[in-house]
Amino acid sequence: MNVLDWSVPYMKHFEEMTRIPHGSCNEKAYSDYLVGWAKEHGLRCVQDELYNVVIYKSASAGYEDHPPVILQGHIDMVCTKTEDSNHDFQKDPLELYIEDGFLKARNTTLGGDDGVGVAYMLAILESDSLAHPPLECTFTVQEETGCIGAAGLKKEYFQARRMIGLDDVGGGTSYVTTAGSQLVQFSRTIDWEPACDPAYELKLSGLLGGHSGVDIDKERGNAIQLAARILFALQKQGNLRLAWANFGTADNVIPSYGTVRFTTDQPADAVAAEVEDWNQIFHKELEFSDAGLQITLSSASVDKVFSARDSQDVICFLRYLPNGMRNRSMRFENLPVASSNLGTVRVEGDTLTANNCHRGAIVSYLKDMEEVQQMLCSVYHMNRKVTGFVAPFDYIENSPIRAALAQAFHDVTGRELQPVCVHGGIEAGYFKEMYPEMDIVTIGPLVLDEHMVTERLDLKSFEEIWNVVVKFLASL
């Protein structure tokens, strides 16, 4: 039984999208779907080697001499699930349901970020009745892993110098400035030794997590850094060796849970007492941000452990790597302008990897963090590789397309469009980098808790913003 009304085109397209796995770096199937869909509808399209797709549509009657406009959204989603979920993001469709007017996915992220933008574009491309200028609908990949798709777009794909970004989840907001970011992977090859001392498993759960840009100023606990503080304290008391670790889901998600195994020559009651002391400390520190934190210590069995040098370096590196908000704007109230998030740590085979996303409203903040990370990598013998870069989207005072959107939004809703400065990153910066004269605006329905398993789409807002977009296009 369908949970969405198939008679509404954008709802139909959203549900169809959730049937085809499209997590970051796994977008080929949906990209190919878009190409086939464009051909079925007689629309010209291009698909590049990254699986970005641009679908072109001629102007509607009476708009032939109007300048073209880009519509843009990304087809990938953050794949996060509950700890007890068996969902396989590589092959399983999402299980949708409606609750209290919100569309949700059972035990997983929904992909409203940015499936809503994709659904709007397909509905517009499909329509024979909407008024609009020539359209260049752009479906990008790997946005959530560093805007890799947008960075690979070619200038020759576009004639338009106006753009509507549909990667906006405010339901009445429009981004006017966003942060740039640098994605980094740290790694180290492990020297193994036989395990000699008693082994333990330390598990952290119950943290809220969240988006590493939108939620970084909320002082939420980072499971990796909390665990590192405990391990650092235990390491000072005796011969502690790491054996295995698995934390977090993505570099741009504040890690809400994780597990590490280790051995130590300290008495079991001393280890338990130390962990309990830190449990009390963290509950005091996170009393108003992460009251649900749970820390459990149990016995474990391991055959091999890191060398003493590997254990010490890794723990110290994770302990001292800068994390959280670093700078706040003096121009825009309550806007973070520099931050860093350690999102994942994994031990797989003989390699430890850790993935980090740091953000900056200006490039100098990114360069500053880069130097700090390089210094720590030198001290603690970690390898560092940049895996992605997102250009900042700077504020401009005079934007005709922003003014047109504000008018359309007011005409439809009776409310004022709210300009928003965010610490998250969007792909608009790449289009500005491509064509500095590009006039850009963003709009989208209300999506709450994006990147979290509690993600939900407000269906009333989904309809309202559709009506805004339709009126907006007719005004251009």
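The values are calculated or read from the model by the stated rules, or taken from the named source; none is laboratory data. This one's a predicted model, so the numbers in the text were calculated from it and none came from an experiment. Positions of Cβ are backbone-derived with ideal geometry, glycine not excepted, and every protein chain shown enters the neighbour counts. Please note that ligands, DNA and RNA were not included when accessible areas were found on the heavy atoms of the full protein model with its side chains. Shrake-Rupley method; radii C 1.70, N 1.55, O 1.52, S 1.80 Å.
Kindly provide the set of residues from region 35-54 that are farther than 18 Å from Gly111 by Cα, assigned to a loop (DSSP other than H, G, I, E, B), open to solvent by less than 70 Å² (accessible area, probe 1.4 Å) and touching a helix residue (DSSP H, G or I) at 6+ places or on another chain (Cβ under 7 Å), ordered by number.
Across region 35-54, the qualifying residues are Leu43, Leu50.
Would you please list the contacts, defined by Cβ atoms under 8 Å and residues six or more apart or on different chains, that run from a residue in region 459-476 that is open to solvent by 40 Å² or more (accessible area, probe 1.4 Å) to a residue that is among the polar types (S, T, N, Q) and part of a helix (DSSP H, G or I)?
Glu464/Thr413; Ser475/Gln407
So, restricting to strands (runs of 3 or more DSSP E) that lie completely within region 143-260, which ones have at least 1 residues that are over 20 Å from Pro336 (Cβ atoms)?
Fully inside region 143-260 and qualifying: 162-165, 180-189, 192-194, 199-205, 240-247.
Considering each of Lys81, Lys57 in turn, give the residue that is over 17 Å from Leu153 (Cβ atoms), open to solvent by 30 Å² or more (accessible area, probe 1.4 Å), in contact with a His (Cβ under 7 Å, 6 or more places away or on another chain) and in contact (Cβ under 8 Å) with a residue 60 or more places away in the chain.
Of the residues listed, the single one that is over 17 Å from Leu153 (Cβ atoms), open to solvent by 30 Å² or more (accessible area, probe 1.4 Å), in contact with a His (Cβ under 7 Å, 6 or more places away or on another chain) and in contact (Cβ under 8 Å) with a residue 60 or more places away in the chain is Lys81.
Among (1) open to solvent by 10 Å² or more (accessible area, probe 1.4 Å); (2) touching an Asp or Glu at 6+ places or on another chain (Cβ under 9 Å), which single condition is Ala160 missing?
(1)
Would you tally the residues in region 280-326 being over 27 Å from the mean Cα position of the chain (by Cα), among the hydroxyl-bearing types (Ser, Thr, Tyr) and in a helix (DSSP H, G or I)?
Total satisfying the criteria: 1.
Could you check region 337-362 and list, in sequence order, the residues that are at pLDDT below 95, surrounded by fewer than 24 Cβ atoms within 10 Å (Cβ to Cβ) and not in a loop (DSSP other than H, G, I, E, B)?
Selection gives Val337, Ala338.
What's the total number of residues in region 229-258 that are closer than 30 Å to Asp76 by Cβ, open to solvent by 20 Å² or more (accessible area, probe 1.4 Å) and modelled with pLDDT of 95 or more?
4
Give me the pairs: first residue in region 251-277 and under 22 Å from Arg220 (Cα atoms), second residue in a loop (DSSP other than H, G, I, E, B) and open to solvent by 50 Å² or more (accessible area, probe 1.4 Å), beta-carbon distance under 7 Å, and six or more apart or on different chains, which are they?
From residues that are under 22 Å from Arg220 (Cα atoms), the pairs are Ile254/Arg220; Ser256/Leu208; Tyr257/Glu83.
Among the listed residues Ser31, Ser7, which satisfies the condition of being small (Gly, Ala, Ser) and assigned to a loop (DSSP other than H, G, I, E, B)?
Of the residues listed, the single one that is small (Gly, Ala, Ser) and assigned to a loop (DSSP other than H, G, I, E, B) is Ser7.
Of these, Asp368, Asp265, which one is open to solvent by 70 Å² or more (accessible area, probe 1.4 Å) and farther than 26 Å from Gly210 by Cβ?
Asp265
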